[in-house]
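What follows is one structure encoded as structure tokens, with my remarks underneath.
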Amino acid sequence: MAPIDNLPLVLSGVSYRVGDLTLLDEVSLTIKAGAPTAILGPNGAGKSSLLNIAMGLMQPTSGAISWGGRSDPAPLRRAMVFQSPVMLRRSVRGNILFALEQAGVARAERETRLQGLLARVGLVGLADRPARRLSGGERKRVALARALARDPDLLLLDEPTADLDPAATRALEEIIAGAAASGVKILMVSHDAAQVRRLAGEVHFLVKGRLYESAPTAKFFSDKASPLAQSFLRGDLITET
Amino acid sequence: MAAGTSAWQLIITGDPTLYAIVFLSLKVSLTAVLIAGLFGLPLGALIAFTSFPGRGALVVLINAFMGLPPVVVGLCVYLALSRSGPLGAMGLLFTPTAMIIAQAILITPIIAALARQTIEDLWSEYRNEMLAMGVSRLRCLTALLYDARVSLFTALLAGFGRAAAEVGAVMIVGGNIEGFTRTMTTAIALETSKGDMAMAMGLGLMLIAIVIAINASTWILSSITKSRMG
């Protein structure tokens with residue numbers, strides 16, 4: 001597969017509006033290679049819209065976006081895991097093989113890659129199970145395996161552990177950290193500050209569609225963060241900005 | 001009671017007249033389903049998967065045609081195939097081919113409408129994942145058809161049920177000619193009017209048994225697929 005660089009991902013003055021509702025308001029940020037980047041914010045901040053635009057699934061109402069300096073590359077080595085991933089009506093094996101096929105992996109190599117991905121996400125024993133009958137955490141792992149099948153240089157994760165129990169959350173976070181350690185750039189959205197602190201290297205803080213702060217994780221979680229961010233981290237309900 | 005016993009005897013002893021009628025009925029209805037499937041499934045998939053001006057009107061029209069009156073279809077096919085009709089020169093009127101045409105026209109909207117709904121529902125589920133995986137539209141379509149195969153088979157089955165139980169259209173375009181175009185439904189109507197209740201009941205039992213057997217097979221297939229694929 002020809003190397004395709006999706007980085008840096010650059011959003012310049014990106015807005016997204018639906019009727020009178022502004023979901024994203026002039027957001028500008030640059031995502032470079034390195035440790036995972038988190039988009040943090042309360043529910044309704046516009047995080048998922050931002051991620052969909054970053055993936056190229058939604059077009060911004062105004063502003064510009066580019067991947068590796070280009071404005072319209074095919075998403076060959078870009079992958080996304082949705083908050084509630086949909087499993088194809090196939091086995092775990094069938095789901096991952098489909099993703100491998102779409103990633104352009106040669107037929108002869110697919111079985112080897114499949115076994116590697118199953119091992120990577122801890123689903124070796126469940127390969128022949130119907131994917132739709134798995135638990136929420138297992139489905140997320142299948143979705144991660146499908147995403148990793150694309151051998152992505154940019155992996156977008158929408159609330160990767162929402163609704164999962166602590167054990168499943170830990171397992172998912174280990175897979176994500178492993179992917180990041182192997183060189184995959186992770187861009188994740190989350191409303192879980194503790195998870196962002198555990199996984200991310202930098203944080204962009206989004207509230208009501210506006211980017212309020214961008215900082216390295218250590219700084220963001222220190223007393224140097226903005227008052228609004230500190231309020232969010234204290235657990236206050238942010239209703240006015 | 002006596003008619004019932006005689007009906008069973010006709011079935012058990014393999015009465016050649018009864019089985020010839022059953023065989024012809026199956027041949028006509030299964031061929032009609034095959035043809036209707038070849039047109040109806042792609043048509044349903046196309047409507048589900050594309051947007052074009054007039055799509056809503058086409059959906060309403062196809063849904064409405066699910067309830068096409070068989071005698072009206074029979075009349076239209078009769079007019080088309082009669083000597084003075086546009087296809088009269090083909091000499092198809094009062095042949096099994098005419099009955100296949102009538103049944104195929106009758107059930108194509110059923111198969112198309114059910115296929116459209118099935119594929120549209122699955123596409124609304126799959127859409128974002130497929131787009132995120134960069135799947136081509138053609139590959140999306142083949143994946144949808146594959147993953148919806150059990151539901152689509154059920155659509156074909158619904159078409160078969162309608163075709164096998166239909167009497168008006170095949171009566172008009174087939175003529176109910178003994179040994180040539182006499183099907184189970186037209187034979188039942190005729191034998192009942194003649195008072196030969198044994199033959200009528202024997203054919204009725206065979207018709208019900210065929211419909212139950214096909215539905216049972218589909219249910220088993222569906223159960224196996226669901227247990228394996230979810």
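The values are calculated or read from the model by the stated rules, or taken from the named source; none is laboratory data. All of these numbers come straight from a predicted model, not from anything done at the bench. Ideal geometry is used to build each Cβ from the backbone, glycine not excepted, and the neighbour counts take in all protein chains shown.
Can we say A:Ala38 is within 11 Å of chain B (Cβ to nearest Cβ), at pLDDT 95 or above and part of a strand (DSSP E or B)? Criteria not met by A:Ala38.
Every residue in segment A:152-209 that is outside any strand (DSSP E or B) and basic (Lys, Arg), please.
Here is the first cut: in segment A:152-209, the residues outside any strand (DSSP E or B) are A:152-153, A:159-184, A:191-201, A:208-209.
Within segment A:152-209, A:Arg170, A:Arg197, A:Arg198, A:Lys208 meet the criteria.
In segment A:54-66, which residues are more than 13 Å from every other protein chain (Cβ to nearest Cβ), closer than 27 Å to A:Asp192 by Cβ and outside any loop (DSSP other than H, G, I, E, B)?
Our first condition is that a residue be more than 13 Å from every other protein chain (Cβ to nearest Cβ); within segment A:54-66, this holds for A:60-66.
Going one step further and asking which of them are closer than 27 Å to A:Asp192 by Cβ, we end up with A:60, A:65.
The answer is A:Ile65, and nothing else.
Just so you know, in segment A:78-102 the residues that are basic (Lys, Arg) and surrounded by fewer than 22 Cβ atoms within 10 Å (Cβ to Cβ) include one that is nearest to the other protein chains (Cβ to nearest Cβ), and it is A:Arg90.
Among the candidates B:Glu191, B:Glu178, single out the residue that is acidic (Asp, Glu), modelled with pLDDT of 90 or more and not in a loop (DSSP other than H, G, I, E, B). Spell out the reasoning first.
On the way: B:Glu178 fails: not in a loop (DSSP other than H, G, I, E, B).
Going through B:Glu191, B:Glu178 in turn, just one is acidic (Asp, Glu), modelled with pLDDT of 90 or more and not in a loop (DSSP other than H, G, I, E, B): B:Glu191.
Just checking, does segment B:88-110 include any residue being at pLDDT 95 or above, under 30 Å from B:Arg228 (Cα atoms) and of a type in the set (A, V, I, L, M)? So far as segment B:88-110 goes, yes, one or more of its residues are at pLDDT 95 or above, under 30 Å from B:Arg228 (Cα atoms) and of a type in the set (A, V, I, L, M). Across segment A:123-139, the number of residues qualifying as away from chain B (no Cβ under 13 Å) and in contact with a strand residue (DSSP E or B) (Cβ under 8 Å, 6 or more places away or on another chain) comes to 0. Counting only residues that are closer than 19 Å to A:Ala167 by Cβ and not in a helix (DSSP H, G or I), segment A:106-128 holds 2 of them. When restricted to residues that are at pLDDT below 95 and either surrounded by fewer than 15 Cβ atoms within 10 Å (Cβ to Cβ) or over 20 Å from the mean Cα position of the chain (by Cα) (or both), segment B:25-45 contains 1. With respect to being surrounded by fewer than 16 Cβ atoms within 10 Å (Cβ to Cβ) and under 21 Å from the mean Cα position of the chain (by Cα), A:Arg107 falls outside the description.
Tell me, yes or no, whether segment B:137-154 has at least one residue that is of a type in the set (S, T, N, Q), on the phi > 0 side of the Ramachandran plot and free of Cβ contacts under 8 Å to residues at least 24 places away in the same chain.
No, the conditions are met nowhere in segment B:137-154.
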